[in-house]
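The values are calculated or read from the model by the stated rules, or taken from the named source; none is laboratory data. All of these numbers come straight from a predicted model, not from anything done at the bench. For neighbour counting, all protein chains shown are included, and Cβ atoms are generated from backbone atoms with ideal geometry for every residue, glycine included. Accessible surface areas use protein heavy atoms only, side chains included; no ligands, DNA or RNA. Shrake-Rupley method; radii C 1.70, N 1.55, O 1.52, S 1.80 Å.
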Amino acid sequence: MRPTITAAPALLDASLAQVPEGLTPLWYRQHCLGAVSPGWLPRLDARIFNVETRDGQPHARLVRVEPTLLQPWAQEMQARGALPGWRGEAIEIFGPDEQEPLFHIERSLLRPLGLLLRTVQVNVYTVHQGQPRLWCARRAAHKAIDPGLLDSLVAGGIGCDETPLSTLFREAAEEAGLSQALARHALPTGIMDSTSLSEDDGHTVLHRERMHVFDLQVPEGFQPTHPDGETESASLQSLEAVLAQIRQGQWTREGAWASINLMHRHQKGMLQLR
């Protein structure tokens, strides 16, 4: 499966339109919400999931979503060292009706189950001599996903009872030391879906992320801080330098596409991506 970046089909719909070859679709009610790899099928708790065969192919069904089952199962997996990237953070999963979340689940289970994570990605930039320069973050080496890669200065998952804007305010303060008075000037620029196969604990997993992308211009004298410790360092780069880093594979996929989104709008002639 080739990684893809596409326009989001709907704001909250978390359905999976196409299951990658070799993965098992994960159903809840009538909705296909994710996909599970063969290595993860034996790990599914029989109290919570049914695995059945249809037309010779396995199908997994989430049949019980009570917190008294989902959270203890996640904790049991984490205690055995079988759940990389433990966050202790609940994420809301939506269906196609977009009315209210179907259930909440531990964030580190999203990739093993192929469930959708909603995030914000903020292009924090300044303008020097008429040219935009982008603040880039170096992810800390202890991060479970994409350690040490370059990323958007402000980015993070949308938690339970949060909106993209409230998440932006929280992440801006935690990751860059930005005040709400400054962060409130962020401008929404689009919503994109990122889908790719990855690997956790030696097993194939499906990474799905819906990015709410923002631009935030800051003054030239701005200096970020990193209160939450998830960022190792930050640097101010020209868009040409960022593009070269992206081509060299130094960026996270989602951070790269958020940055390219900025480039398309600010320096359209510079992009010859292949």
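For this structure, a couple of remarks:
- Ligands, DNA and RNA are left out, and with a 1.4 angstrom probe the accessible area of the chain is 47 Å² per residue.
- Of 5, 260, the order by accessible heavy-atom surface (1.4 Å probe, DNA, RNA and ligands excluded), from most exposed downward, is 5, 260.
- Correct choice for Rg/Rh (Cα atoms, Kirkwood Rh) that was computed from the model, options (1) 1.03; (2) 0.95; (3) 0.98: (3)
- The calculated FRET efficiency for the pair residue 2 and residue 47, based on their C-beta separation and a Förster distance of 35 Å, comes to about 0.45.
- Note on the chain: GNM, Cα springs under 10 Å; of 197, 262, 115, the largest mean-square fluctuation is that of 197.
- Heavy-atom accessible surface of the chain: percent carbon and sulfur, 1.4 Å: 49 percent
- Mean Kyte hydropathy of -1.0 or more with a Cα span along the axis of at least 30 Å, helices from DSSP in the chain: none
- Here the sum of -39500 (n - 2.57) over DSSP H runs of 4 or more residues, divided by the residues of the chain, equals -6000 deg cm²/dmol at 222 nm, to the nearest 500.
- When the residues 198, 259 are ordered by accessible surface, computed with a 1.4 Å probe over the protein chains alone, the sequence from largest down reads 198, 259.
- Over the stretch 184-266, relative contact order from alpha-carbon pairs under 8 Å, at least 6 apart, %: 24 percent
- Cα gyration tensor shape for the stretch 24-113, rounded if a/c is under 1.5, else prolate or oblate: oblate
- Here the stretch 1-152 carries DSSP beta bridges of which approximately 90% are antiparallel, counting only pairs with both residues inside.
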